[in-house]
Amino acid sequence: MKQAMTPEEIKEEKPYLDWSLTEHEYDYICDKLLKRLPNYTEIGLFSAMWSEHCSYKKSKPVLRLFPTKGKRVVQGPGEGAGVVDIDDGQAVVFKAESHNHPTTVEPYQGAATGVGGILRDVFSMGARPVAILDSLHFGELKNNPTMRYKMEETIRGVGDYGNCMGIPNLGGETTFDSCYNGNILLNAMCVGLMNIKDMEHGKAVGLGNSIMYVGAKTGRDGIHGATFASADFSKEHETQRSAVQVGDPFMEKLLMEACLKLILKHRDWLVGIQDMGAAGIVSSSAEMATEGNAGMKLNLDLVPQREPNMSAYEIMLSESQERMLLCVKKGHEEDVKKIFKDYNLDAVTIGRVIEGENYVLYHEGEQVCDIPVRSLTEDVLEEPSKEIKPQYIIDAEKMPAWRPSFESSGETLKRLLNQPTIANDQFITQQYDSQVRTNTIVKPGSDAGVLRIRHTKKAVAMCTDTNGRFVYLNPKIGGQRSVIESVCNIVASGAKPLAITDCLNYGDPNDPEIFWGLRESCQGIADACRIFETPVVSGNVSLYNENDGQAIYPSPMIGMVGLIKNTDYVIPMHVQEADDIVYLVGKTTADFAGSEVQKMLQGKISGLPEAPNLEVIHDYLKNLHKAMTQGLVTSAHDLSEGGLAVSLAESVFDTEFGLNINLSEFDKTLLFSETPGRLIVSVKPENKSAFESLLGSAVQEIGRVTDQRKLSIKLANDELNTDVASLEKIWKESISCLMKSKA
Amino acid sequence: MTTIRIYVTYKPSVFDPQGAAITDSVNSLGHQEVKNIVVGKFFDIKLDEDDQDKAKQDVKEIAEALLVNFNMETYRLKVLEEN
Amino acid sequence: MKIAIVVFPGSNCDIDMYEALNTVCHAEAEYVSYRTKKLDGFDAVILPGGFSYGDYLRAGAIAQFAPVIPAIRKMAQDGKLVLGVCNGFQILTEMGLLPGALKRNNSLQFICETVKLQVKNNQIPFTTEYDQDQIIDIPIAHGEGNYYADDATLAELEKNNQIVFEYYQHNPNGSVKNIAGICNKEGNVLGMMPHPERAVEEVLGGTDGLPLFKSFLKSGVLA
């Protein structure tokens, strides 16, 4: 055999072009790296490892913009997940990953395996996963039964996997926009906890040490998933279902418990451990060898296989789920087998660390690959990309700012609360177990999810935020505003922001306008992360999110984690007591470009969103957090989609209270402006002066909490007077009504 | 070798929410003539046993021990043709 | 009182039960493996929630053949306390220690929310610390919690006062007669879909589950 083509035939027929490897790259591999023609298996490995998904060849220059260091950062990007010190020898471990293409093609399995993959990244570090968040972006639900079906399936996929694993879902976000009609975004984030001393690495080192395979058997599922994820997406993919993997959360639960037992109880047996994610065995093993500066020899006949007659290439590239690769100290193979046996799992030695720096594979008795490890992992040709600032952005900079016009603020608020992106997403979140393992202090539906750390006074807060509309209108400003929203969410819960992970979801980077947007928005994210002192510790890039040439909004997702040192000062989003004073934190301007009210009234978005003053926002948010830790703040809620009026309403939903707000110097349109960096907070009257002296001119007293279930807002040119119950009904029923509709 | 297929469904007296949901959506596709859809599952069990009656007896035991919950489910079985 | 918490492959509320008993109630509970064949020395056994064996056939169906099951059966026969929560309840019905079965929720969706329950029988060892007809808030989290039993069984349950908890005002899953939890005739085996172990600390949202554990522990002291 067993090679489907000879090296010469490959050179002639160029099958690699179908696997997204260019002729230029092929020549480079032949002439510079191998100095010979690669065989079929080898070129298959190159095409997978050099895909954007594995190599980041397009996005690398952009990723270098991010600040990745900080005094709490224990492990930045490059490992399974980022690790951030939270004192007392403990760390939070987190990462987010996109599974957009699989979810678009097969929503249930795509979503489920997206969750499964990110969990493995976290527990491979030696951390126990303690929370899942999901950032979902769908097309419009109205008159779109297919999208409704895809949404139901996606949610069921996220839910079934996490619920079965027994890991609580702490939130995330769901937005709806027609730009996602042909390309759903599913970004899953996992947060884990560990003792820093237990940290593991994905590395293989030490001559003669064994490479062991654990978990599910290898089948032909998901072959070329990595290149699939890096290719433009069109109708023909609807038939490519074989590229989607099937998840088995029960297997993953056993695998997780077994791996954690091995890591935590027997770390002296273990050299390294890594998830077999994108590009399966090849990427995990080659990365481990690279990390350990070692050579590696694998015998593919020893790989547990679910299907007969798999080729070397298929075995290496399969993306079968629930598999891990270990490097085990020589002599401890049987010990490791026994640990996995206790969980009814097989652990099999499939190779070992060898001298030199080559990656050598045997299949059916023949050597099928012998190439330098680093040629796969590090020698990838970075591709300089062309960029052009899109004309629509240049035009927008010159256009007069758009302002909404409407009769009644009350009616506008009602319509906004009915927008699916703003409406209550309990329809989704109640399908996820948010309380299992009994640490959840703040469940989904608030600004950030909050989880206590058992047997300590500490808690961690976490959220995800995506602002595709602002990023589309101005990538740099949009990038900054995405981080600001995350910071506000984390601070609203009473936490100090620590660090972020990201999923960079964009269209085809070969389009110079899209690449420009990618670089600009990452610059914006980087700027904000520097000011807010929230380094990027992990992340993922998902390009080619297009359908029949139509790109999504550039949609970087920010996943942020914060620390609360004392659970007594976890701040709820709802007001708590009548007569408390309501403050607006941050300045409100006429900032409507990309706002929900613009989308609702105009049917499209346009204009230039305002550039935020990051330093100013950072200063007052630090002071607000200080006020919280001094017990001066009773409740806090971030202002985001829909602006002030929506947040005021949300702060009294599910309570017995109302609000009496006086904004007599506000034009009524300002109620719906989306100026970033704002929150509403409530403060007990006795804390008024202490609070004001800390926050100074950053806050404005705007009214009081009442025990009447009414929302009253006095404005310069309108007065809003509505009973809270009717607002709440609209907000709560919007999504489930849409899901039930027949049209 | 004998292969036996076991079909497991809810008893007729038990409400089948999945079946009802699918019936509903088939109706809304315009197929008003569809009155009821029953959702169930089947298991193909391959036995190293040539005596079909003996194989059926084995499978009945398996079904009644594990595959079927008689509180709500019922089953029937058939011998599949060898191929 | 020594309590065993059985860990099946796929159990995931085991730690919640352990912490509720040991950390919050200062009781003496320990994990036992599904492979254990003897439960000698334990006064009570708890089957926690989760997805035993992935719930791949029917929730709880495969667990009924685990090695530990005969020992649980024996404890039930000996009059010791047996509590099954969520997946544990499903296992108890599959084992036949409790009548009826649990079907998929009517909505066909997994549901996680806090619901109101009414205590319909405060005379069994698990409920003495509640008032009769007391309304309590307890979280649920399940996809197959829709209790079903035929009419004859229901009549029997009612006659023997075996319905312990009912959903109050809002039935989340379609259970017949709003049933959320039932016991055996003798009252020493309780199965319930809601999670009392999730309602034992104010910081997590409520403590209405505490009286269940207090009743349980008190009965052990008296026994």
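Some notes on this structure:
- Label-zone membership for segment A:113-134, site A:H266, 7 angstrom Cα→C-beta point, backbone N under 20 Å: A:123-128
- Euclidean distance of C-alpha centroids, segment A:281-328 and segment A:352-428, integer Å: 27
- Reported value for segment A:624-743: 133 Å³ per residue, from the convex hull of its C-alpha atoms.
- Angle between chain A longest axis and helix A:280-291 axis [Cα atoms, degrees, rounded to 10]: 90
- Normalised contact order of chain A, rounded percent, pairs of Cα under 8 Å and 6 or more residues apart: 15
- Quick note on chain C: its Rg to Rh ratio, both from C-alpha atoms and Rh being the Kirkwood radius, is 0.92.
- Using Cβ point charges alone (K and R +1, D and E -1), the dipole size of segment A:131-222 about the Cα centre works out to roughly 260 debye.
- Along each principal axis, Cα extent of segment A:434-527, largest first, Å: 52, 23, 20
- Gaussian network model of chain B, Cα within-10 Å springs - most flexible of B:Q57, B:Q32, B:Q18: B:Q32
- Selected from C:C112, C:C13, C:C183 as most flexible by GNM, with chain C as the system and alpha-carbon contacts under 10 Å: C:C112
- Top positive-direction residue, dipole computed over segment B:2-80 with Cβ charges, set B:N71, B:I45, B:T3: B:N71
- Nearest-0.05 FRET efficiency for A:N613 and A:K330, computed from C-beta distance (R0 56 Å): 0.45
- log₁₀ of I(q)/I(0) at q = 0.11, 0.22 Å⁻¹ - segment A:119-210, Debye sum with one point per alpha carbon: -0.46, -1.04
- Among the GluC sites (Glu not before Pro) in chain B, those located in a DSSP loop and surrounded by at most 10 other Cβ atoms within 10 Å of their own Cβ are B:E33, B:E81, B:E82.
- Mean-position separation - Cα centroids, segment A:665-743 and segment A:251-269, in angstrom: 48
- Other protein chain Cβ atoms within 10 Å, averaged over every residue that makes up C:196-208: 3
- Cα centroid separation - segment C:15-92 against segment A:589-624, whole Å: 54
- Rounded to the nearest 20 debye, dipole of chain C from Cβ charges on Lys, Arg, Asp, Glu: 640
- For chain B, the longest site-free run once chymotrypsin sites (Phe, Trp or Tyr not before Pro) in DSSP loop states with at most 16 other Cβ atoms within 10 Å are removed: B:16-69
- Cleavage-rule hits, GluC sites (Glu not before Pro), segment A:624-708, DSSP coil, Cβ neighbours within 10 Å at most 16: A:E656, A:E665
- Reach of A:K626 by Cα under 18 Å, taken over lysines that are not fewer than 8 positions away in the same chain: A:K457, A:K458, A:K496, A:K565, A:K684, A:K688
- Inter-chain neighbour count for A:671-683: the average number of beta-carbon atoms from partner chains within 10 Å of each residue's beta-carbon is 0.
- Inter-chain shielding of B:19-27 (mean C-beta neighbours from other protein chains, 10 Å cut-off): 1
- Between B:A20 and A:T146, the modelled label-to-label distance comes to 3.1 nm, taking each label 7 Å out from Cα in the direction of the beta carbon.
- Computed from the Cα positions only, the extents of segment A:7-54 along the three principal axes stand at 27, 21, 18 Å, in decreasing order.
- Modelled spin-label separation between B:D48 and C:E28, with each label point placed 7 Å from Cα along the Cα-to-Cβ direction: 5.0 nm.
- With Cα atoms, 0 to 90° folded angle of helix A:145-165 axis to chain A main axis: 70
- Against the empirical curve 2.2 N^0.38 Å, the C-alpha radius of gyration of the protein assembly as shown lands at a ratio of 0.95.
- Charge dipole (Cα centre; +1 on Lys/Arg Cβ, -1 on Asp/Glu Cβ; no other charges) of segment A:613-743 amounts to roughly 280 debye.
- Neighbour counts of other Cβ atoms within 10 Å put A:E9, A:E42 in the fewest-to-most order A:E9, A:E42.
- The trypsin sites (Lys or Arg not before Pro) of chain B that meet both conditions, a loop assignment by DSSP and at most 11 other Cβ atoms within 10 Å of the site Cβ, are B:K35.
- Taking the DSSP bridge list for the protein assembly as shown and keeping only pairs wholly inside it, about 75 percent are antiparallel.
- When chain C is treated as a GNM with alpha-carbon contacts under 10 Å, the residue of C:T93, C:T114, C:T36 showing the greatest mean-square fluctuation is C:T36.
- Among the lysines of chain C, pairs that are 8 or more positions apart or on different chains and have alpha carbons within less than 21 Å of each other number 27.
- 0 to 90° range, to nearest 10: angle between helix A:107-123 axis and chain A longest Cα axis: 80
Read the figures in this text as sums done on the coordinates, not as results from a lab. Note that the structure is a prediction, hence the values are computed from the model and not measured. Virtual Cβ from ideal backbone geometry, glycine too; neighbours counted across all protein chains shown.
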